[in-house]
Protein chains: 2
Amino acid sequence: MAAVSSSVASPSLRLSHTASNRRSLRRGVALRSPSLASDFRLSVHVGESVRRGLRVSANSAQVMEQPRREVGPKVSTVVDVDLGNRSYPIYIGSGLLEEHDLLQRHVHGKRVLVVTNTTVAPLYLDKVVTALTSGNSGVSVESVILPDGEKYKEMGTLMKVFDKAIESRFDRRCTFVALGGGVIGDMCGFAAAAFLRGVNFIQIPTTLMAQVDSSVGGKTGINHPLGKNLIGAFYQPQCVLIDTDTLNTLPERELASGVAEVIKYGLIRDAEFFEWQEKNMQALLARDPSALAYAIKHSCENKAEVVSLDEKESGLRATLNLGHTFGHAIETGLGYGEWLHGEAVAAGMVMAVDLSYRLGWIDDSLVKRVLTILQQARLPTAPPDSITVEMFKSTMAVDKKVADGLLRLILLKGPLGNCVFTGDYDRKALDETLQSFCKS
Amino acid sequence: MAAVSSSVASPSLRLSHTASNRRSLRRGVALRSPSLASDFRLSVHVGESVRRGLRVSANSAQVMEQPRREVGPKVSTVVDVDLGNRSYPIYIGSGLLEEHDLLQRHVHGKRVLVVTNTTVAPLYLDKVVTALTSGNSGVSVESVILPDGEKYKEMGTLMKVFDKAIESRFDRRCTFVALGGGVIGDMCGFAAAAFLRGVNFIQIPTTLMAQVDSSVGGKTGINHPLGKNLIGAFYQPQCVLIDTDTLNTLPERELASGVAEVIKYGLIRDAEFFEWQEKNMQALLARDPSALAYAIKHSCENKAEVVSLDEKESGLRATLNLGHTFGHAIETGLGYGEWLHGEAVAAGMVMAVDLSYRLGWIDDSLVKRVLTILQQARLPTAPPDSITVEMFKSTMAVDKKVADGLLRLILLKGPLGNCVFTGDYDRKALDETLQSFCKS
């Protein structure tokens, strides 16, 4: 346990936004600069952080269990997810997988299981194993390499993770590491939640989708043939480590899929972020490192704030699912993996926006802006022809947001950046939206 | 939702032991009478309860979410499991399945899924459906009837519960009811924990084993071919409803299996309860209602106290596993279901006691008392011949109480009623115990 015991002796400092600064940043009231280059840099030192409204704090609540060391110069920023004794940091920056100490301080016990897939393993598995073991001979690492794709996010594949952990005789003092996109994160997280009734885990998301959305907030789980994410747990990681360099190997379609969730944050709660996206979409798609880091940071801040306020999705958190109810129906109807999650969400957002407009809740100018930005991002703006009204209805009937038989939806209402989560809408308008987007 | 809305209007009173009274009762300092008949009666009225050291309290902490009504005269006693906002009552008494209101007040939403098995369904399913729906037309009940036996406590069977809930289009506002023994309770509880990332559930245990142990404390899960309970969750029910009449249909072997866990509480923390058992074992085996109710109540009190102090098994809770590490090895070695859980635990306790004696931690008089009481209860006092030293060692290596490779055991130390949970014992003594109980 070299990693753990040596970290005990280290000072426990970390950079974090204060909640109020985060809100200020989000609203752009005081601290945020509209220009990309000056607003975000890949190397923020402590002094500079303080100047920019970040604070350096002794993290007293977590010192006992999990000491932290000073964050080195390569970590651009840390976004905190505030959940009492289950709080954790999201590290965002370039080259973080080479910052071995950053990962090692969050490992519990001597045994680590890296869960990854056939696409990501050749690219980053060796790097992660080195990060875990370098200068840390007390730790041994096993890995399980799953097939790649949403269609493998099911019980049979999940069992392979349990098999590996049990055959390797892992005990409760171990750590699971999710290395990959959203599917890997969701499955590894659920496996960590259920193995021996709960072991520690770390998220290393390697897709934009996972970095801006699925790795943050503790939703884990698998699909059922009748619907997405129907079996799972709320289970928080020890940390999320986002090395923005991993996006260099991401296919274009996957990149665009992640952008869909970035756009979502703007629409539901952050008008200024949406406006920034309208100006910087080309830079994002061209993988401008500053643009990507800016988008990831602001997405994580939005998500962390929502999750901190409503971890178990009593209400507010559901707003993060704008377009997802329609989108899940597309994914389920096509069979998992035909369309990427973000592609289905993009079409779903257009449908939610269409319904919001039919209900008279938003202006047509907003409808146009949504269509335009999604087209700029090369994302679909309508469901595929094969999805029928009936397919939408039957999948939507088993959506997790159904309560006592009533389907609640996230819809836009008012100016850009405002939404509602409600079951109180005209069903005829929903029917009209479905009819207008489906061939049959 | 007739049940829920009508209960909102009701007074929220319940009987409960205060924590200090519970401790007094357990220690027998002030309130406990040694005679069976006068100490426990099947009908305790409010006035009498107060006289006996029970209190009637407005349950302020839970009023907002889940109001309770006055407990009727048929409820002999209520044991509280104190876990902050996840606290819940254990109702113990004769004829509780006819007290429809008692069950209905804990149902959330309009949909209920009863999970039971082929043995219990013909006996009690209709009764439970009636209890759920009587005078409560807003609630609809589905049921899933699983095959009976420990060998079905696995992922394939668990999936049938998810299939049923999803095919029936259950949403988050629903309640799962576990009707059966420990296997049903563990599986239904884990299904409730994972379905849509968590729905409400109620335990109606129908075996003595489940009533005195497995239904209380929120441990849920399934087995893996390589070990017991390796996949699961800590997930607390809304209430545990113990109708002692259900024991009238329990086979003798099952009854004795439950008695093993009753004996365990005496050994690890309640000398006076053990002494009561030594005097009343014949009454227990003859299903004397007062003796059974006394044993269930005192077992639940012991378990509730331990779970309240250590829900996630950081240390103290592990002591409830006296004999279980050896016992699990027997169950895994024989194949699940050959021996009943309590039978394996009984043999396991003898082995733990043997090891404690070899270490010089207990007197030989205690060894004899343990053997005598287990023989009185017609429980095994040694593992079956087919289990080898190697089988013990390989199963014990994947026990959940292994930490960083070190197997910790619960062993008796000092006078009756005292135990330790420790990895600090002589391995040679463990080898000697294994050698002396195994043919090969």
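The values are calculated or read from the model by the stated rules, or taken from the named source; none is laboratory data. All values reported here derive from a predicted model rather than from experimental measurement. When we count neighbours, we look across all protein chains shown, and the Cβ atoms used for this are built from the backbone with ideal geometry, even at glycine.
For this structure, a couple of remarks:
- The range A:399-417, subset in a loop (DSSP other than H, G, I, E, B) and touching a Ser or Thr at 6+ places or on another chain (Cβ under 8 Å), residue nearest to A:Lys228 (Cα to Cα): A:Asp399
- Qualifying positions in the range A:380-406 - within 14 Å of another protein chain (Cβ to nearest Cβ), farther than 11 Å from A:Ala329 by Cβ and either crowded, with 18+ Cβ neighbours inside 10 Å or under 24 Å from the mean Cα position of the chain (by Cα) (or both): A:Lys400, A:Lys401, A:Val402
- A:Ile263 part of a strand (DSSP E or B), of a type in the set (A, V, I, L, M) and touching a Phe, Trp or Tyr at 6+ places or on another chain (Cβ under 8 Å): no
- Yes/no for B:Val370 being of a type in the set (A, V, I, L, M), within 14 Å of chain A (Cβ to nearest Cβ) and crowded, with 16+ Cβ neighbours inside 10 Å: no
- Out of B:Ala193, B:Ala210, B:Ala178, sole residue that is touching a helix residue (DSSP H, G or I) at 6+ places or on another chain (Cβ under 9 Å), at the interface with another protein chain (Cβ under 9 Å from one of its Cβ atoms) and crowded, with 23+ Cβ neighbours inside 10 Å: B:Ala193
- So B:Pro122, is it farther than 28 Å from A:Glu313 by Cβ and within 9 Å of another protein chain (Cβ to nearest Cβ): no
- Candidates in the range B:243-270 are the residues that are of a type in the set (S, T, N, Q) and in contact with a strand residue (DSSP E or B) (Cβ under 9 Å, 6 or more places away or on another chain); of these, the one that is nearest to B:Val367 (Cα to Cα) is B:Thr244.
- Answer residue from the range B:70-93, given it is part of a loop (DSSP other than H, G, I, E, B) and in contact with a strand residue (DSSP E or B) (Cβ under 7 Å, 6 or more places away or on another chain) and is modelled with the highest pLDDT among those: B:Ser87
- Flag for B:Val128 being in contact (Cβ under 8 Å) with a residue 40 or more places away in the chain, away from chain A (no Cβ under 14 Å), crowded, with 22+ Cβ neighbours inside 10 Å and assigned to a strand (DSSP E or B): no
- Scanning the range B:215-242 for residues that are in contact with a strand residue (DSSP E or B) (Cβ under 7 Å, 6 or more places away or on another chain) and either away from chain A (no Cβ under 12 Å) or basic (Lys, Arg) (or both) returns B:Ser215, B:Val216, B:Lys219, B:Gln236, B:Pro237, B:Gln238, B:Cys239, B:Val240, B:Leu241, B:Ile242.
- Residues that are touching a His at 6+ places or on another chain (Cβ under 8 Å) and modelled with pLDDT of 95 or more, drawn from the range A:304-338: A:Gly327
- Single residue of A:Gln203, A:Gln236 found to be part of a strand (DSSP E or B) and either closer than 21 Å to A:Tyr91 by Cβ or at pLDDT below 95 (or both): A:Gln203
- One residue stands out in the range A:148-167 among those that are within 24 Å of B:Leu158 (Cα to Cα) and in a loop (DSSP other than H, G, I, E, B): the one that is nearest to the other protein chains (Cβ to nearest Cβ), namely A:Glu154.
Listed here are the residues, each with its yes/no results for (1) touching a Ser or Thr at 6+ places or on another chain (Cβ under 6 Å); (2) at pLDDT 95 or above.
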| residue | (1), (2) |
| --- | --- |
| A:Arg378 | no, yes |
| A:Ala382 | no, yes |
| A:Ala397 | no, no |
| A:Cys419 | yes, yes |
| A:Leu430 | no, yes |
| A:Lys439 | no, no |
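- The number of residues in the range B:153-205 being in contact with a Leu (Cβ under 8 Å, 6 or more places away or on another chain) and aliphatic (A, V, I, L, M) comes to 11.
- Just one of (1) in contact with a helix residue (DSSP H, G or I) (Cβ under 9 Å, 6 or more places away or on another chain); (2) at positive phi fails for B:Asp404. It is (1).
- Condition met for A:Asp171 (facing chain B (nearest Cβ under 9 Å) and either out of contact with any His (no Cβ under 8 Å at 6 or more places or on another chain) or among the hydrophobic types (A, V, I, L, M, F, W, C) (or both)): yes
- Test for B:Val161: is it surrounded by fewer than 24 Cβ atoms within 10 Å (Cβ to Cβ), modelled with pLDDT of 95 or more, of a type in the set (A, V, I, L, M) and in contact with a helix residue (DSSP H, G or I) (Cβ under 7 Å, 6 or more places away or on another chain): yes
Listed here are the residues, each with its yes/no results for (1) among the hydrophobic types (A, V, I, L, M, F, W, C); (2) touching a residue at least 40 places away in the same chain (Cβ under 8 Å).
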| residue | (1), (2) |
| --- | --- |
| B:Gly93 | no, yes |
| B:Gln104 | no, yes |
| B:Asn117 | no, yes |
| B:Asp148 | no, no |
| B:Met159 | yes, no |
| B:Ala178 | yes, yes |
| B:Gly189 | no, yes |
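- If you go through the range B:99-138 and pick out every residue that is in contact with a Leu (Cβ under 7 Å, 6 or more places away or on another chain) and over 19 Å from B:Ile184 (Cβ atoms), you end up with 2.
- The residues of the range B:348-383 that are in contact with a Phe, Trp or Tyr (Cβ under 7 Å, 6 or more places away or on another chain), part of a helix (DSSP H, G or I), without any contact (Cβ under 8 Å) to a residue 60 or more places away in the chain and among the small types (Gly, Ala, Ser) amount to a single one, B:Gly348.
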